[in-house]
1. In the range 32-44, how many residues are touching a Gly at 6+ places or on another chain (Cβ under 7 Å) and among the hydrophobic types (A, V, I, L, M, F, W, C)?
2. Given A337, A316, which one is in contact with a helix residue (DSSP H, G or I) (Cβ under 6 Å, 6 or more places away or on another chain), modelled with pLDDT under 95, surrounded by fewer than 17 Cβ atoms within 10 Å (Cβ to Cβ) and of a type in the set (A, V, I, L, M)?
3. Inspect the range 14-31 for any residue being surrounded by fewer than 24 Cβ atoms within 10 Å (Cβ to Cβ), among the hydroxyl-bearing types (S, T, Y) and modelled with pLDDT of 95 or more and give the result as yes or no.
4. Name the one entry in A454, A462, A511 that is over 30 Å from A44 (Cβ atoms) and within 19 Å of the chain's Cα centre (by Cα).
5. Residue by residue through the range 381-398, note down the ones that are at pLDDT 95 or above and in a strand (DSSP E or B).
6. Could you grab me the full set of residues in the range 340-375 that are in a strand (DSSP E or B) and at pLDDT 95 or above?
7. Answer yes or no as to whether G389 is touching a Leu at 6+ places or on another chain (Cβ under 9 Å), among the small types (G, A, S) and over 18 Å from F119 (Cβ atoms).
Amino acid sequence: MRDFHLPGRSAVYATNGMAATSHPLAAKVAVQMLEAGGNAVDAAIAGAVLLGICEPQMTGIGGDCFVLLTPPGEDRVVALNGSGRAPAGLDAAALRAKGPVVAPYSVDAVTIPGAVDAFCRLSKDWGALGLKAALAPAIHYAEAGVPVAPRVASDWAQGAANLSGRARDLFLLNGAVPKPGQMFRAPGQAKVLREIAMQGRAGFYEGAVADDMVKSLNALGGTHTLDDFAQVACAYTDPVSGGYGGLELYEHPPNGQGATAILLLNILKHFDIAGMDPWGAERAHIEAEATKLAYDARNRFIADPDHTTRVDHMMAPETAAKLAALIDPEKAMPAAAPLTESVHKDTIYITVVDKDRMCVSLIYSVFHSFGSGIASDEYGVLFQNRGAGFTLEQGHPNEAGGGKRPMHTIIPGLLKKDGKPYMPFGVMGGAYQSTGHARFVSNITDFGLSPQEAMDAPRLFADGNVLNVENGYAQPVKDALRAMGHNVQTPQTAIGGSQAIMIHDDGVLEAGSDPRKDGCALGY
């Protein structure tokens, strides 16, 4: 139960429909779409595309998306992979000649945007109002502008150095980072969205917009072609799942990193997490060590689905058991890879629930802050840098290559209870997302927290050789973690953000929205 003496957020309850996301305008637009007779897909598209204007450092039409949905009246989970591929001309050997990794803020890191194709497909297959209606709010706000929100302004300042060339003109106001309350407009993107509204995917992947994107990328040395854009196609896939604490977690298969969250929960099953202090050093240590082991597996195996062969191994109970046995409850491991070699020898968010209880869990991103930092010359499409998710290690499943999808960090989640859709949710935050999913599920099942309480709780993340610990953890806990050998640091910003909508047995909807972001949950 929340202590009302202290700052915090109340859960949001409604009965007809609900939306939760990281910016109030996007939540409002999504609910308005429901009130106008649209369904959860119409609302999710409307809110997501608007987030590209409200939070341009996080997402936009030059990015990718992944979607989980449950059709109205059905229990099955549908997965749609809206991630783009590397241009056909990408050559790993040529990239290795430039350096050990794909330079993240270079044209080499720009993969073909996949989100627009996915939105068009979603609208056609599942929407009720059509693409024109779903895109109308984003077109309006791209032209009229939106006041920059506080968290967005903070992120903007941190990511501004990633911008180059034309992107600096478009995403800086008179050469400066916008302050909270200043208006941001994107008239070029409004023109693109109009083309998509009128022509569907052809308005983006063919014609003048595609010409602009290809010419802009070629001018920087990119191998991107009109054929690369024309051939973009999202794909329906079979989700992967795993149980924890009486709930079933559904995730996207590779090239997303969702299997990592399932592996992490499988490892945690070998410890009495519920018997630990939820915000104490013992739980923090076990979660950090399990994260190292699960992410080592991710880095070995997750890749383009045509090149991923060990997902069954990742999610097998015996794999989790062997990895859990490697955890020393008193001491941090220096590195996971040498320990796990014997085990492994043989990668923005909006959620909507409508009156028919169709659930949509949608995540949409340009990867790094402002993606590649490169925008097209005429229309100002900001390109993602998902190619930085490739490795240049020869023979690796995730080795960069023409026409391949890179390993992705963005993952939507959906929980079932007793075989029924129970809670679409998502946790933003780059690589943190798999850990964030596992922690969110553990907070709910092991400690009985509500969705809002589960996301209000403090976070930590074992990222490489650093353990990032939020200020919500007490100093004695941080000291205890250091004594165990963890390299404890305070992250520059709060870790991630999250949204969730729970469907109660009586049909009431309960939503939470992460206070680390500017957004909210709204219902009607």
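1. Residues that pass the stated criteria total 2.
2. Being in contact with a helix residue (DSSP H, G or I) (Cβ under 6 Å, 6 or more places away or on another chain), modelled with pLDDT under 95, surrounded by fewer than 17 Cβ atoms within 10 Å (Cβ to Cβ) and of a type in the set (A, V, I, L, M) holds for just one of A337, A316, which is A337.
3. Checking the range 14-31: at least one residue is surrounded by fewer than 24 Cβ atoms within 10 Å (Cβ to Cβ), among the hydroxyl-bearing types (S, T, Y) and modelled with pLDDT of 95 or more.
4. A462
5. Once the filter is applied, which keeps residues that are at pLDDT 95 or above and in a strand (DSSP E or B), the range 381-398 yields only L382.
6. I350, T351, V352, V353, C359, V360, S361, L362, I363, Y364, S365, A375
7. no
Residue-by-condition table, conditions (1) touching a helix residue (DSSP H, G or I) at 6+ places or on another chain (Cβ under 7 Å); (2) over 26 Å from R357 (Cβ atoms):
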position: G419; (1), (2): no, no
position: M428; (1), (2): no, no
position: A431; (1), (2): no, yes
position: N443; (1), (2): yes, no
position: G448; (1), (2): no, no
position: L460; (1), (2): yes, yes
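The values are calculated or read from the model by the stated rules, or taken from the named source; none is laboratory data. These numbers were taken from a predicted model, which means no experiment stands behind them. Reconstructed Cβ throughout: ideal geometry from the backbone, glycine too, with neighbour counts over all protein chains shown.
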